[in-house]
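Working notes for the structure below.
The values are calculated or read from the model by the stated rules, or taken from the named source; none is laboratory data. Treat the numbers as computed from the prediction; the structure is a model and nothing was measured. Every residue, glycine among them, receives a Cβ derived from its backbone with ideal geometry; neighbour counts consider all protein chains shown. Ligands, DNA and RNA are excluded from the accessible area calculation, which covers all protein heavy atoms including side chains. Shrake-Rupley method; radii C 1.70, N 1.55, O 1.52, S 1.80 Å.
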Amino acid sequence: MTGHQDPMGRPPARTGTPPGHASVPARTHTQAEYPPGPYAPWHGPGVQPPVPSAREPRPAVAVPPAPPEGPDGPAAPDGPAVPTAPDGASARRSVPQRIWCVDHDRMGLLAMSVWTERVPGRGEDAEPFVAYHLGSDQGMLAVFDGSGGAGAAPVWQAGDGQSRTSAWVGARVARLATDVWFHDVAADGEPATPETLREYLRFFLGYAPQRRSKISGTMRRQLPTTLAAVHYRLAGTREHPELELRPLWAGDSRAYVLRSRHGLQVLTRDHTRESDALELLRSDPPMTNLVCADREFEIDGRSLKHPLPCVLVAATDGFFGYVHTPADFETLLLRTLHQAGTVEEWADLVRREVQAYTADDASLAVVALGYRGFKDLREQFAARLDELTERYVRTRPRGLDRPAGPAGETGPGPAHAPDEPGDLPARVRAWQDSTWHAYRAGYETHLPPALEERA
């Protein structure tokens, strides 16, 4: 497709399906809760209620997932809808964000997602995907970061006249494809492999709006987006439950597992020539693989088993790419967990913190399994937070912005006089190297081998 697309139009009638797969059926399975998105949640077998309008509260969510939108933008983050002037102009605009969460005691499942735009209306992250299928005891969480550098050209025009970039469209089409893929995996027995997910992505991207350009280059892509996901299935015995995990990814978004004794451990390896997490904070290398419509791409994946309880995390680089050291991301998650009284408060605290430091859109999905409610989750990570604070927060160089400690106070600084400001970059670099050396072994426990290291 070329040019601007009719926002109410539909893709042409399908003449095929993803190779080797059945046609995409209607959604018919049940999930515990479903995050906000561009289509309706699933409520039960054979039931698909109409998609709510932008002004209606969406059903089956624990907190209002999206500020009500008017003609000039969304509601304020913590208040009522944006007031409008008599001529229809917005009196003030706020950065859009959404939080969603669920605390399901019977299943021992807590989940949340956080989504923010750096520039109102121009965010290229799709909303996070979080779903759980009751009938087969499996679930999935995923994030999608449209690659604005490679996909900056406009390809679609919305009904209000705003144009959308190739990256914006790509991330949202990838989310839809992942949604349908998970349905077919959970309800119809589709193999949960990187190869099948790749075919679904290629199929849906093939029907998405694109604009061909005479300008080409090695960096330009049609509908480019990253993807980081974890498909999981409950397994083992009642006495020794465990999770069968399958991380799936393309690009530089990441998936993790978080445990109270071992901390945050990355499950994916960025598709960049540099894979050292600290060096990636200091540089911005181009991606060597990402989801797109006009070139070949791969979905990387692996399988592993993990004991319960544990927390699964997927995040775009708006969360982990603007911190001082890799340990800061884990510290943010656990500090806000310590300060919160409910999963809703945790999601909101995370949202506020990331908006304070990031220079990008930011998306996060979290699923905690095997805990006896939110209080148990928080208490199990208290000792780990103390360890992080002592090792990586209180040792921060004087003059570097330091996050709050567990009690909402900054860690004590050295007793001696402040160092010369000109020495700060060298002191920060030395501190980063030292903390990364201490943190790296645990963080990289499940790091996949580089492509050249694989058999």
Which FRET efficiency value, to the nearest 0.05, is calculated for GLN162 and ASP294 with the Förster distance at 30 angstrom and r the Cβ-Cβ distance?
0.80
When ranked by the protection proxy of mean other Cβ atoms within 10 Å per residue, highest first, what sequence do the peptides 322-331, 155-164 form?
322-331, 155-164
What FRET efficiency would be calculated for the residue pair ASP433, ARG261, taking the C-beta separation as r and a Förster radius of 30 Å, to the nearest 0.05?
0.75
Applying a 10 Å radius around every beta-carbon, put 347-358, 170-181 in order of their mean neighbour count, most first.
170-181, 347-358
For LEU400, put the label point 7 Å out on the Cα→Cβ axis and report which residues of the range 240-281 keep their amide N under 17 Å from it.
277-281
Per residue, accessible area of the range 284-400 with a 1.4 Å probe, heavy atoms of protein chains only, in Å², comes to 36 Å²
Using Cα pairs closer than 8 Å and at least 6 residues apart in sequence, work out the relative contact order for the range 255-312, in percent.
37 percent
Calculate the spin-label point distance for ARG122 paired with GLU279, positioning each point 7 Å from the Cα along the beta-carbon direction, and give it in nanometres.
3.2 nm
Gain in span if fully extended, ALA450 to LYS305, counting 0.36 nm per residue against the direct Cα distance
50.2 nm
